[in-house]
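What follows draws every value from the coordinates through simple rules; no lab data is involved. Note that this is a predicted model, so its numbers are computed, not measured. FYI the Cβ positions are ideal-geometry reconstructions off the backbone, even for glycines, and counts take in every protein chain you see.
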There are 2 protein chains.
Amino acid sequence: MSMKTKKTRSRVYGGIKANLRQAERRKKLIEAGLEAFGTKGYAKTNIKMICGIAGLTERYFYESFRHKEDLLRVVYRELIDEGQRDAMAALEDNEGTPVDAAARVLRMFYQRFYQDPRRAQIQLFEILGVSKNIDREYQNAMRLLADLVRLFLYKVFPRIHEEKLSRSIIPTGLAGSIIMIAHEWVLNGFVTPLDDIISECMDLFMAMGKHLNKKSGSRSERA
Amino acid sequence: MSMKTKKTRSRVYGGIKANLRQAERRKKLIEAGLEAFGTKGYAKTNIKMICGIAGLTERYFYESFRHKEDLLRVVYRELIDEGQRDAMAALEDNEGTPVDAAARVLRMFYQRFYQDPRRAQIQLFEILGVSKNIDREYQNAMRLLADLVRLFLYKVFPRIHEEKLSRSIIPTGLAGSIIMIAHEWVLNGFVTPLDDIISECMDLFMAMGKHLNKKSGSRSERA
DNA sequence: TGACTTTGACAAGAGATATTGTCAGAATTA
DNA sequence: TAATTCTGACAATATCTCTTGTCAAAGTCA
């Protein structure tokens, strides 16, 4: 038993360490997931297809993921993280007013969908109705978006009562606007010019900001 | 061959005509679909379950529907039609101002989800990511909702330039707000009081209406 | 070169599910 | 009562798909 438990020691192969090789495969599978889920759709994709696209066999799928849903979660998180990073970069690039920054973030947000419709398909459609777990992922991402909206509103309209804003569902509503407009945009094949979309989104934001601003201020004005 | 083509003639049975009996079964299956899709979820439901809930066997499923997706479409349409009817009733009940009417419609819209969470589950979650065909259904329903919003805006703010409004994506955005707020409400187990939700939704509407009103009017005001 | 690891192709069994078909008995009508 | 339709239970087939396992060849290292 304990004589020769030669546990298939991992070693350098092709100049690359074992864990790196595995990471490579994992990455390929994630890219394949993006492709398959984003074009065929999650429901119509099976493990064999994913592996075919990745140029790997099923064994390697199970090396990195437990099942299809697992891969979807990873792909989705990657998309959200990338978007979040881009948004933060656009925000912290301190050019112009906060309003300009918001427009930049919006443009970035929509442009990502246009540049790679697979992202749009997954982020806006495929992610929904898969399972309770995946629904939770979606919910988290939506909250991040709502928080971003909240942050923007507070930056542009500092008079807004912060605590009141933090309890309001209006940022959630605005996040919904952004998403629904994206839905329509995608389903219509991106015919609406991006500039129009951004300008109308900004209208939505600014109108709501002004409204909240007035309400917060009215307390002292009326008293 | 043409001797005795006795084609199993339909006849009255249990005092009910054949086509009525079939319609009855169909109805039971739709109700079963609502139950199964709305609690277990579309993906985790199979035909046998649906038939079990309906108290019928598989033969009768295929008598009325071609496949699971077919049933989902019918169930969804039924939900949308009901909602549409209720909305129209609340609108045409000419009590109070158009603003009151809008609040009534909103209350009705959200209350339906609270009264029967299965509706919420299907209408808000299960419907997405099933197939291209079903996505189209969803898109249609969202457009109906956006049209309703548009109608309301025009009633309350008649100064808004009608043609401009008809091309704007802002009603789509507001429809998205309503939906996203519903998402959060449902996922949080309906903890937010309905009155709060309605009041904040009305805030969204009124702020946007005023904003559009100003923009439309500004042409003549500034000239 | 020789030993060993990694890899890809494919087999294979388990498990679901869709869909059609059979059949006997219950229910109903004439 | 006799004929016949309706109905539910279940069989059976055909497909998929997941998941694990086997194996030999190719690749790599020492």
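Given charges of +1 on the Cβ of Lys and Arg and -1 on the Cβ of Asp and Glu, with all other atoms neutral, how large is the dipole of the range A:68-222 about its Cα centre, in debye to the nearest 20?
So the dipole magnitude of the range A:68-222 works out to roughly 740 debye.
Assuming R0 = 25 Å, can you tell me the calculated FRET efficiency for the pair B:Gln115 and B:Glu95, based on Cβ-Cβ distance, to the nearest 0.05?
The calculated FRET efficiency here is 0.70.
Between A:Arg77 and A:Asn19, what length in nm is gained on full extension when 0.36 nm per residue of separation is reduced by their alpha carbon distance?
Here the answer is 18.7 nm.
Report, in deg cm²/dmol and to the nearest 500, the calculated mean residue ellipticity at 222 nm for chain A, where each DSSP H run with n ≥ 4 adds -39500 (n - 2.57) and the sum is divided by the residue count.
Value at 222 nm, helices only: -24000 deg cm²/dmol.
Could the peptides B:118-131, B:151-164 be put in order, highest first, of the mean number of other beta-carbon atoms found within 10 Å of their residues? If you can, show how the numbers build up before the last one.
Numbers: B:118-131: 21.5, B:151-164: 15.9.
In decreasing order of mean packing, B:118-131, B:151-164 become B:118-131, B:151-164.
So for chain A, taking the charge dipole from beta-carbon charges (+1 Lys/Arg, -1 Asp/Glu), which of A:Pro158, A:Met88, A:Met180 sits furthest toward the positive end?
Looking along the dipole axis, the top candidate is A:Met88.
How far apart, in nm, are two points set 7 Å out from the Cα along the Cα-to-Cβ line at A:Glu163 and at B:Ser199?
Taking the simple label geometry, A:Glu163 and B:Ser199 are separated by 1.6 nm.
Quick one: check the C-alpha center-to-center distance for the range A:64-92 versus the range A:160-190, whole angstrom.
That distance is 20 Å.
Let me spell out the model: positive unit charges on the Cβ of Lys and Arg, negative unit charges on the Cβ of Asp and Glu, origin at the Cα centre of the protein assembly as shown. What dipole size does that give, in debye rounded to 20? Could you put the intermediate results ahead of the total?
On the way: 76 positive and 56 negative charges, 461 e Å.
It works out to roughly 2220 debye.
Shielding of A:129-140 by partners, i.e. mean partner chain Cβ atoms within 10 Å per residue?
Per residue, the number of nearby Cβ atoms from other chains is 3 on average.
For peptide A:108-120, how many partner chain Cβ atoms fall within 10 Å of a residue's Cβ, on average?
Average neighbour count from other chains, rounded to a whole number: 0.
What distance in nm separates the simple spin-label points at A:Lys44 and A:Met88, each placed 7 Å from Cα in the Cβ direction?
About 3.7 nm separates the two model spin labels.
Nothing charged except the Cβ atoms of Lys and Arg (+1) and of Asp and Glu (-1): what's the magnitude of the dipole of the range B:13-65 about its Cα centre? Round to the nearest 20 debye.
The calculation lands at about 60 debye.
Find the relative contact order for chain B and round it to a whole percent, using C-alpha pairs within less than 8 Å whose residues are 6+ positions apart.
That works out to 17 percent.
Please sort by residue number the GluC sites (Glu not before Pro) in the range B:49-125 whose DSSP state is loop and whose Cβ has at most 11 other Cβ atoms within 10 Å.
Here the GluC sites (Glu not before Pro) that fit, given the DSSP loop and packing criteria, are B:Glu95.
Rg/Rh for the range B:78-139: what does it come to with C-alpha atoms and Rh from Kirkwood? Before the final figure, lay out each step's value.
Details: Rg = 13.7 Å, Rh = 12.8 Å.
With Rh from the inverse mean 1/r over Cα pairs, Rg/Rh is 1.07.
Can you name the helices of chain B, as whole DSSP H runs, whose Cα span along the helix axis is 15 Å or more and whose Kyte-Doolittle mean is not below -1.0? Let's see the in-between values first.
Working: long enough: B:18-39 (32 Å, -0.65); B:68-92 (36 Å, -0.47); B:98-115 (25 Å, -0.17); B:132-156 (36 Å, -0.19); B:170-187 (25 Å, 1.32); B:194-222 (41 Å, -0.54).
Helices passing the filter in chain B: B:18-39, B:68-92, B:98-115, B:132-156, B:170-187, B:194-222.
For the range B:13-65, what is the relative contact order in percent, using Cα pairs closer than 8 Å and at least 6 residues apart in sequence?
35
Excluding B:Leu79 itself, calculate the net charge of residues whose Cβ lies under 15 Å from the Cβ of B:Leu79, where each Lys or Arg counts +1 and each Asp or Glu counts -1.
Working: positive: B:Lys27, B:Arg73, B:Arg77, B:Arg85, B:Arg112, B:Arg118, B:Arg119; negative: B:Glu31, B:Glu35, B:Glu78, B:Asp81, B:Glu82, B:Asp86, B:Asp116, B:Glu126, B:Glu137.
The answer is -2.
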